[in-house]
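Just so it is clear, none of the values below were taken in a lab; they were calculated from the coordinates. Because the structure is predicted, anything quoted here is derived from the model rather than measured.
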Ligand SMILES: [Zn+2]
């Protein structure tokens, strides 16, 4: 799904350990990730006396090393005064605890993101993994793949420094002022429970986090902790709530590059998921498991890590079809859910 957005800096990217000014008072940092999606964008926003940092990078030594370089060279002698984390995923929350401790500053995020981060980071129980396995068996992936998914374990603990024990809560509609920017907090659900976007209408800037990516569509998954959730419906609600946004707005996304063309992008994201819903329904015209739907939606070789996202994404479409009465579900003899057109 290629939306013809306007990348305002073309191919230019900040070098590792460097910053790039993207607007007056906003600096762009690009941190590496050890996945197919190999980077995450962070932003420093001029707060007068210092900088407010948006997101922190994954909690691995390479990121921390780059942070040492940035802290020493790229802040014009002014401190980071606050850290805002858009959502709990490792590439955003990973270094938050490490940085708040090191810099003596506090963290701002939404309640559900903080609670999610705290609970997953603290949970090293085997029951957590047992639960995960029985969920993946129900998806029809089979016991061998469910076992492999178990071996991934709770990778969150390896990728995220201990999460701050206290935080400052941001809620939908809050005003969050940073220097010349009067940001409005826009909370959305789907990719994560209470993801934060920041919108400044006066300067025409939107920090889009993972919700408004220019090229890939953010992963919208059902996870074992909430098997009947309908995150795709939540994501639709978020996207359709953006209908009056200025098409000239500059979007600063968490992956890829800053762009204009949000109106076109939102339309394409909605269309993309509508097409995927139709495809999932078509697969269910013969009785099918979630794994059957996944193999039609993702027609390529998937490793274990990718399978976890692909099955979750397939289930988010299935659960929306179920909620909309387009398919039905029953438990098959082999313990996997079977879906059929209603
Ligand atoms: Zn994310």
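Quick notes on this structure:
- Subtracting the Cα-Cα distance of residue 225 and residue 68 from their residue separation scaled by 0.36 nm leaves 52.9 nm.
- Dimensionless Rg/Rh of the stretch 163-313 - Kirkwood Rh, Rg from C-alpha atoms: 1.01
- For the stretch 64-156, the equivalent ellipsoid built from the Cα gyration tensor has semi-axes of 36, 14, 10 Å, listed from largest to smallest.
- Degrees between helix 304-323 axis and first principal axis of the chain (Cα, 0 to 90, nearest 10): 70
- Mean projection of the Cα convex hull over all viewing directions, computed for the chain: 16.7 nm².
- Centre-to-centre, using Cα atoms only, the stretch 216-249 and the stretch 111-138 are separated by 22 Å.
- One Cα centroid belongs to the stretch 268-342, the other to the stretch 4-26; the line between them spans 37 Å.
- Tensor-based shape of the stretch 225-342 (alpha-carbon gyration tensor, a/c under 1.5 rounded, otherwise prolate or oblate): prolate
- Rounded to 10°, Cα long-axis angle of helix 126-138 versus longest principal axis of the chain: 50
- Between the helical axis of 231-240 and the longest alpha-carbon principal axis of the chain there is an angle of about 50 degrees.
- Estimated from helices alone, the mean residue ellipticity of the chain at 222 nm is -11000 deg cm²/dmol (sum of -39500 (n - 2.57) over DSSP H runs with n ≥ 4, per residue).
- Pair-distance distribution P(r) for the stretch 227-285, from all Cα-Cα distances in 5 Å bins starting at 0: 4, 15, 20, 23, 18, 10, 7, 3, 1 percent.
- Over the chain, relative contact order from alpha-carbon pairs under 8 Å, at least 6 apart, %: 16
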